[in-house]
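Below is one structure, written out as structure tokens; the observations come after it.
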Amino acid sequence: MTASDPSGAEGGLDPRSPLAVRGLTVTYGEKPALFSLDATFPAGRMSAIVGPNGAGKSTFLKAALDLIPRVSGEVTVFGRPVDQVRDRIAYVPQRASVDWDFPTTAIDVVLMGLYGRLGLWRRITGGHRDQARTCLDRVGMADFADRQIGQLSGGQQQRVFLARALAQEADLYLLDEPFAGVDAATERAIIDVLKSLKDEGRSVIAVHHDLSTVPQYFDHVLLINLRRVAEGPIAEAFTPETLTKAYGGRLAATQLDRLALSAS
Amino acid sequence: MQGIWAALTLQAGYNAGLVAIGATLLGFAAGAAGAFLFLRKRALVSDAVAHATLPGVGLAFIAMVLMGGDGRSLLGLLLGSAISAWLGLLAVEWISRKTRLPEDAAIGAVLSSFFGLGIVLLTIIQSMSAGRQAGLESFLLGSTAGMLRQDAILIAVAGSVVVGLVWLLRRPMTLVAFDAQYAAARGVNLRRVDLAMMGLVMAVTVIGLKLVGLILIVAMLIIPPVTARFWTERADRVVWLAGGVGAVAGYVGAALSASAPDLPTGPIIVLVSAALFVLSLFFSPARGVAAAFQARRRFQTRVHRRQGLLSLSRSEPIHDPLTLRILKGEGLIRPDGVATEDGLAQAAKIARDERRWEVARAVHHDTALTGRYDGLTPIEDVFTPDEIEDFDTRIGGLRVVAGSA
């Protein structure tokens, strides 16, 4: 890791953490979406960002990446300001954000993951195409390389976007609701890939909405609802108490029991 | 006819040849630059840019006259048009960024304001002593009458620069057009890429002013990419194909207009590209209207055929005239509506497949496969023969249970 001495502005945030924020506040108009949030994600782990609808989960990722302006707060990625380390970050946005009729095929989308290394001048060679195919193969989409993306199912589209992120060979993977609206086979394929990324020593942070799979998929959790409710290893931070705090009355007692069981 | 041929082979005279070459290069540059505008879904911005050139033309003329020149220097006029187009562009961008107005409203406001100002300036120039012969109206619809060698050279040089920059910026522009969020996360400066794209469009507009005029330049930017889109599913091909369509339209249009007196070049070029567009619209194999119509008919036939056969298998009467026509056409029922032997056999097969699907959906674990049931997809396309055999055993088993009960 190249964590050089962090500058004064970032003093205090853990330079080893793939993503650390302090005092992050984001507002839409004058209504806060996140308020004075602190978080420090561990390196080489799979972390979930969990919270009820409208708790600011996607907003958190976007603000951390400087995609939306923040009112206050510091963000470091591997101890550096985001703009200095964008090469090491791969972001998988929510699926809904693109036009599905855009003239591009699955493999073209994955090749976009290589644009950073290609720069403006270099030509796309057979080697690059092979690399892109390998990434498609990792998510089980090799057979669909030449399909226009609108002709793929929701789950297949999600896998193509994950393949694009894989092509970046980043150290930090940020995923916004990767399992939303996908079929069971896709969910399995995605989680396998994410686990293999972890095994390679990379860090994965995903916004996640399905509470029942949190203990099974993730090591670390950030529970938010406008503010940070709890953060830490699953066993400590993902408990009936913290969940009740985050979700209020929205979770039934039986649900909490079941979750507590699966967490222990 | 001979006139057209002469023009197409660049033998219709020096001026016509210059115009044809200029129009070809301009067409290519406009098509390629316009393609990104189209992919970014901001086609209308080009309209604002084009109309915003007019006050610049007027002001440049007045400024040059006041400085003692004759005011008709093309370079000076184009420089003025570029500056005011750029201001118009920034105005659109600023309004849609700082207010809640959608971009199309900002475009409408800027376009008409600048154009109105431009017309007022042209009227004032008409009343100036130096302005009577200025011929600035030709910037509205273009004019090739006075096309000079240096005009053609200007188009050639500027057009090549535009094409070179389109090539250089193809990746960031594609990334932003397809998935702006992802591009921003990668560190692409969206605003700068968008302004660069608009800058290219502006450059094409300015160099095209003399030839096709500000009202029709929009057509040269937009029609080629939408035409190209009918023929490919890949963004890079849309860009270069659009350049090709633009070049062909420019060349053929210029040649046609040279082949007869009083045929205006700009409008003819636009009509040629419109013709290519209409042809693509109807006959593109993947996205054309004819293909879509045919696909719909085929699908409708499949649905009606299957519904009819299901009715036959259940011995239900068929009333739908299209279903009856399809079944009769295929010899599945006799003219009097009674099922033929072939019809009964096919009906039995379809009924069996329906039962297989029912079992499959009840017992098979992979929802991605069972989810493909839609009443039309043949079960053999989804499951292996082994799996289907397994379903059949279960159907047999079910029968036994039903029989023993």
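See the values below:
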{"read-out": "Subset of the stretch A:78-121 [over 22 Å from residue A:178 (Cβ atoms) and of a type in the set (S, T, N, Q)]", "value": "A:84"}
{"read-out": "Residues within the stretch B:365-394 that are more than 43 Å from the chain's Cα centre (by Cα) and at pLDDT 80 or above, tallied", "value": "10"}
{"read-out": "Pairs with Cβ under 9 Å, 6+ apart, first in the stretch B:231-255 and within 14 Å of chain A (Cβ to nearest Cβ), second part of a loop (DSSP other than H, G, I, E, B) and of a type in the set (Lys, Arg)", "value": "B:231/B:287; B:233/A:147; B:233/B:287"}
{"read-out": "Any hit, the stretch A:60-70, residues being more than 10 Å from chain B (Cβ to nearest Cβ), assigned to a loop (DSSP other than H, G, I, E, B) and surrounded by fewer than 16 Cβ atoms within 10 Å (Cβ to Cβ)", "value": "yes"}
{"read-out": "Residue tally, condition small (Gly, Ala, Ser), within 12 Å of residue A:19 (Cα to Cα) and surrounded by fewer than 19 Cβ atoms within 10 Å (Cβ to Cβ), over the stretch A:35-59", "value": "2"}
{"read-out": "The listed residue being on the phi > 0 side of the Ramachandran plot and more than 14 Å from every other protein chain (Cβ to nearest Cβ), out of B:146, B:199, B:142, B:208", "value": "B:142"}
{"read-out": "Failed criterion for residue A:84 (all others in (1) without any contact (Cβ under 8 Å) to a residue 12 or more places away in the chain; (2) away from every other protein chain (no Cβ under 14 Å) hold)", "value": "(2)"}
{"read-out": "Among residues of the stretch A:145-166, those that are part of a loop (DSSP other than H, G, I, E, B) and of a type outside the set (S, T, N, Q), counted", "value": "4"}
{"read-out": "Selection within the stretch B:159-196 - among the β-branched types (Val, Ile, Thr), more than 23 Å from the chain's Cα centre (by Cα) and either within 9 Å of chain A (Cβ to nearest Cβ) or buried (at least 19 other Cβ atoms within 10 Å of the Cβ) (or both)", "value": "B:188"}
{"read-out": "Residue among A:186, A:105 that is within 25 Å of residue B:242 (Cα to Cα) and of a type in the set (Ser, Thr, Tyr)", "value": "A:105"}
{"read-out": "Failed criterion for residue B:79 (all others in (1) within 24 Å of residue B:128 (Cβ to Cβ); (2) within 32 Å of the chain's Cα centre (by Cα); (3) crowded, with 21+ Cβ neighbours inside 10 Å; (4) not basic (Lys, Arg) hold)", "value": "(3)"}
{"read-out": "Filtered residue count, the stretch B:338-374, keeping only those that are surrounded by 13 or more Cβ atoms within 10 Å (Cβ to Cβ) and not in a helix (DSSP H, G or I)", "value": "7"}
{"read-out": "Subset of the stretch A:134-152 that is within 21 Å of the chain's Cα centre (by Cα) and closer than 16 Å to residue A:104 by Cα - its residue that is modelled with the lowest pLDDT", "value": "A:141"}
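Residue-by-condition table, conditions (1) assigned by TED's automatic domain parsing to the domain that holds residue B:191; (2) modelled with pLDDT of 90 or more; (3) crowded, with 19+ Cβ neighbours inside 10 Å; (4) within 28 Å of the chain's Cα centre (by Cα):
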| site | (1), (2), (3), (4) |
| --- | --- |
| B:57 | yes, yes, yes, no |
| B:60 | yes, yes, yes, no |
| B:63 | yes, yes, no, no |
| B:110 | yes, yes, yes, yes |
| B:128 | yes, no, no, no |
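The values are calculated or read from the model by the stated rules, or taken from the named source; none is laboratory data. Fair warning: this is a prediction, and the values are worked out from it, not measured in the lab. A quick note on method: Cβ atoms are made from the backbone with ideal geometry, for glycine too, and the neighbour counts reach across all protein chains shown.
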